[in-house]
Amino acid sequence: MMSSPSHSHGRFSTTRWSVVMHVATAPDGDARTALAELVQRYWYPVYAYARRSGHTPKIAEEIARSFLGLLVEDFRGGTELQSHGHFRRFLLDRLDKFLGGDWRETVDAQEGADLVPPTDLEPRYGRDNADTASPSAAYERSFALEVISRALKRLRSEAGRAAHLPMFSALEPFLARDPSPAQYEQIAGQLSSRPLALIVALKRLRQRLRELVGEELADTVTSPEELAAEQSALHSILRRTPQ
């Protein structure tokens, strides 16, 4: 059943990005928490941008830490945002400006020293972005892949809570492509299941993954229209070749 327009728009009034966008009228603590959570989610695209700009892994990590730390500090001081629409573009615009200025002073000042980076930034960069055409292309691809990665982690967690983790692990490689009939037979034998049951399970997993990707993206926009645009943008980004 479709949601009414008012209900649909009401859903977006409390997304993390909408809270940050309306920081002037939101409680400071809510805005800081919302921004900090978004910042911690999107280390990877910021790191990928810095790496594709030619910086070493260590320097790229420090650039990401300082840049994200500055965002948090901006909102601790009550900074109000201009209307940027969605978080992906806002973050890239701010990153362009940061690296276009004298960012070395900020890195030397240890801005964001309390932020803890993910441990897999460089392996992911080497796998996903070593051949991307530009820093902005690396950022866009990494942002899209981060959304997918977060949705996959949530899907795996749900499967674990439902005691379906073995089936999820077996079917995860086929969330983006169809298994052959022989592969269905092989997995069915491993799980003591029927191929038809696996076909149904894979269909449901794909549907739930789409829902979770939508939920992750919804936290970076402020309206249903922006969400639809971001979903389209994500698909377009992932269809591009990295060269």
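The values are calculated or read from the model by the stated rules, or taken from the named source; none is laboratory data. Please read all numbers here as calculations on a predicted model, not as lab measurements. Heads up, the Cβs are rebuilt from the backbone with ideal geometry, glycines too, and the neighbour counts pull from every protein chain shown. Surface accessibility is based on the protein's heavy atoms, side chains included, excluding ligands, DNA and RNA. Shrake-Rupley method; radii C 1.70, N 1.55, O 1.52, S 1.80 Å.
A few points about this structure:
- Under the condition of being open to solvent by 60 Å² or more (accessible area, probe 1.4 Å) and in contact with a His (Cβ under 9 Å, 6 or more places away or on another chain), the residues counted in the stretch 214-228 number 0.
- Among the residues of the stretch 35-53, not a single one is more than 19 Å from the chain's Cα centre (by Cα), modelled with pLDDT of 55 or more and in a helix (DSSP H, G or I).
- Tallying residues that are surrounded by 15 or more Cβ atoms within 10 Å (Cβ to Cβ) and of a type in the set (Gly, Ala, Ser) within the stretch 163-211 yields 4.
- Those helices (runs of 4 or more DSSP H) lying entirely in the stretch 78-131 with at least 1 residues open to solvent by less than 60 Å² (accessible area, probe 1.4 Å), at pLDDT 90 or above and not small (Gly, Ala, Ser): 87-100, 121-128
- Selection within the stretch 229-243: residues that are among the hydroxyl-bearing types (Ser, Thr, Tyr) and under 17 Å from the mean Cα position of the chain (by Cα). The member of this set that is most open to solvent (accessible area, probe 1.4 Å) is SER232.
- None of ALA170, ALA197, ALA144, ALA176 is assigned to a helix (DSSP H, G or I) and without any contact (Cβ under 8 Å) to a residue 12 or more places away in the chain except ALA197.
- Look at the stretch 148-160: where a residue is within 13 Å of ARG41 (Cα to Cα), no partner that is open to solvent by 40 Å² or more (accessible area, probe 1.4 Å) and of a type in the set (Phe, Trp, Tyr) sits 6+ places away or on another chain with Cβ atoms under 9 Å.
- Single match in ARG141, ARG154 (criterion: within 30 Å of ILE63 (Cβ to Cβ), at pLDDT 95 or above and open to solvent by 60 Å² or more (accessible area, probe 1.4 Å)): ARG154
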